[in-house]
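Remarks on the structure that follows.
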Amino acid sequence: MFIRLVYSVTGLDLEARLVEFLEGRRSVEEVRDVSPQQLEELNRLQMETVKEEERLTSELARVQEEIAEQTVVGIAMRAKEAAAEEELERALEKQVDGEMLRIMEAADKLRMRTLNHLTEILRPLQAVMFLASSKRLHLCVRQWGKRTDQRHGRDAVS
C-alpha cells in the first residue's frame, strides 16, 4: 500500500493533477514526475517487499496449519477430558507467543524498512507529501471503521 500511495503522491497520477496545476491549486514541484532512477528504485523496492510479504504469508500459513493439525485436532479428540480445554488454550497461547509473534514482528520490521527506504528514495517534498497523504489515509480509514462499527451497533475501539 505504501508504494501505491507513493505512486499517487509523487505525480504518477500526473494527468489527474494537471487540471489542478492549470487552475493554480498545485505547484510545479507537486506535479513533477518521479525521475527514472526513482522509478527504478521504487520498482526494485516493490519487488523485494512483495517477495518478503509472500515469504511471511507462507510462514504464517504453515504455523496456522501446524496449530490445526497437531494441537487442535489432538486435543479435540480428547474433548471429553476435563483438562482438554485448558490444554488447548495453553497450546494456542504457546504458538501465538512463539512463532506467530515472531512472524508479526518480522512483518512490522518489513513495514518500517519499506517506509524508511521509500523516504530515502523520494525527494524531500515528495517524502513530506507521501507522509501527509499516508496520515490522511490512515485517519480516513479509522473514521470509516468507527462509523461502520456504530452502524452495526459495535463499540468502536479508540
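Could you say whether any residue in the stretch 127-137 is closer than 27 Å to residue 54 by Cβ and among the β-branched types (Val, Ile, Thr)? No, every residue in the stretch 127-137 fails to be closer than 27 Å to residue 54 by Cβ and among the β-branched types (Val, Ile, Thr).
On inspection, residue 97 qualifies as more than 19 Å from the chain's Cα centre (by Cα) and under 24 Å from residue 58 (Cβ atoms). From the list 78, 142, 90, the lone residue that is out of contact with any strand residue (DSSP E or B) (no Cβ under 9 Å at 6 or more places or on another chain), surrounded by fewer than 15 Cβ atoms within 10 Å (Cβ to Cβ), at pLDDT 85 or above and not aliphatic (A, V, I, L, M) is 142.
In this structure, does residue 153 turn out to be open to solvent by 50 Å² or more (accessible area, probe 1.4 Å) and either over 25 Å from residue 46 (Cβ atoms) or not in a helix (DSSP H, G or I) (or both)? Against the criterion (open to solvent by 50 Å² or more (accessible area, probe 1.4 Å) and either over 25 Å from residue 46 (Cβ atoms) or not in a helix (DSSP H, G or I) (or both)), residue 153 qualifies.
Checked against (1) at pLDDT below 90; (2) in contact with a helix residue (DSSP H, G or I) (Cβ under 7 Å, 6 or more places away or on another chain), residue 114 passes all but condition (1). The numbered conditions (1) part of a helix (DSSP H, G or I); (2) at pLDDT below 90; (3) out of contact with any helix residue (DSSP H, G or I) (no Cβ under 8 Å at 6 or more places or on another chain); (4) open to solvent by 60 Å² or more (accessible area, probe 1.4 Å) are all true for residue 137 except (3).
The values are calculated or read from the model by the stated rules, or taken from the named source; none is laboratory data. Just so you know, these numbers come straight off a predicted model, no measurement behind them. Neighbour counts are summed over all protein chains in view; Cβ atoms, including those assigned to glycine, are modelled from backbone coordinates with ideal geometry. Surface accessibility is based on the protein's heavy atoms, side chains included, excluding ligands, DNA and RNA. Shrake-Rupley method; radii C 1.70, N 1.55, O 1.52, S 1.80 Å.
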